[in-house]
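The values are calculated or read from the model by the stated rules, or taken from the named source; none is laboratory data. Everything quoted here is computed from the prediction, not taken from an experiment. Note that each Cβ is placed from the backbone with ideal geometry, even for glycine, and that neighbours are counted across all protein chains shown. Surface areas here come from the heavy atoms of the whole protein model, side chains and all, with no ligands, DNA or RNA. Shrake-Rupley method; radii C 1.70, N 1.55, O 1.52, S 1.80 Å.
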Amino acid sequence: MSQPRYRQLADTLRADIASGRYPVGGQLPPEVELCATYDVSRHTARDALRLLLEAGLVERRRGVGTTVLRTGAAPAFVQPLGGVTELMQYAREAQLEIRSAGLRRLDAHEQERLGLTSDEAWLVVAGLRRKDGKPLALSQIYIAPAYADLAPRLRAWDGAIQELIARDFGVVVQRIEQEIAALSLGVEQARLLKAERGGAALQTLRRYYDRNDRLMLASDTTHPAARFVYAMSYRRDA
């Protein structure tokens, strides 16, 4: 099936921006002109511009118009891939706004994803991560029963939860497992993230283990496309 008309128009405008037809600092044509040039409705033109706005390519100001900010979308967060320290950078820098937290037994799907066989109740924290005040991702964090007493202290803690565990229980992360998958945003996810419903997203599942290889906590995080990127650097062996 072909893409919706507003997506086609957004792709055309992206290409025009990348080619320099609409340079950084310059203006895109107003909605009325886009409608006449591309034979689309005002609604289609507005939705196309919204996609460019969400991608960080343009900004719109009343009385000024639509200004080009950059030729390519810049992610809201760049995650270097390296050791444990690099992976823990995200939890330190992407502020977690907790929406709910409570003890509950995990369902079969959750247990399978986390590699659990016990029916113990885990402390489950759901929240919205922000960077510079803007929505970055939705996170669901699973904290092992041994550390469930942390619940009253979570909202006042502005660092990584694994660091709070280390401070209060003396248990540190020894190993991290990570899985990365692509998915589409659901209605509620898109609403909370101020993103397009059905848009592309990246899901990261991280499992944190102690020195005895016991699961301490896990995080299941969903980022809309263009707000998060993994960065890797490879060096040829001597």
query: Say we look at segment 114-137 and pick out the residues that are closer than 22 Å to residue 188 by Cα, in contact with a strand residue (DSSP E or B) (Cβ under 6 Å, 6 or more places away or on another chain) and open to solvent by 30 Å² or more (accessible area, probe 1.4 Å); which of these is modelled with the lowest pLDDT?
result: 131
Criterion violated by residue 139 - all others in (1) touching a Phe, Trp or Tyr at 6+ places or on another chain (Cβ under 6 Å); (2) in contact (Cβ under 8 Å) with a residue 60 or more places away in the chain; (3) outside any loop (DSSP other than H, G, I, E, B) satisfied: (1)
query: Is there a residue in segment 19-30 that is within 27 Å of the chain's Cα centre (by Cα), of a type in the set (Gly, Ala, Ser) and open to solvent by 40 Å² or more (accessible area, probe 1.4 Å)?
result: no
- prompt: Could you give every pair whose Cβ atoms fall below 8 Å, whose first residue belongs to segment 168-196 and is within 15 Å of residue 227 (Cα to Cα), and whose second residue is acidic (Asp, Glu) and surrounded by 13 or more Cβ atoms within 10 Å (Cβ to Cβ), counting only separations of at least 6 or pairs across chains?
  reply: 185/196; 190/196; 194/54; 195/54; 196/54
Residue list for segment 154-172, filter: at pLDDT 90 or above, open to solvent by less than 40 Å² (accessible area, probe 1.4 Å) and outside any helix (DSSP H, G or I): 154, 171
message: List pairs: first residue in segment 98-116 and within 21 Å of residue 150 (Cα to Cα), second residue open to solvent by 60 Å² or more (accessible area, probe 1.4 Å) and assigned to a loop (DSSP other than H, G, I, E, B) anywhere in the structure, Cβ distance under 6 angstrom, at least six positions apart or on different chains.
response: 98/155; 105/119
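Quick check on this structure: which one of 80, 75 is within 30 Å of residue 122 (Cα to Cα) and modelled with pLDDT under 90? Steps first, answer last, please.
On the way: 75 fails: within 30 Å of residue 122 (Cα to Cα).
Going through 80, 75 in turn, just one is within 30 Å of residue 122 (Cα to Cα) and modelled with pLDDT under 90: 80.
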message: Considering only residues that are more than 17 Å from residue 113 (Cβ to Cβ) and open to solvent by less than 50 Å² (accessible area, probe 1.4 Å), which ones fall in segment 173-185?
response: 173, 185
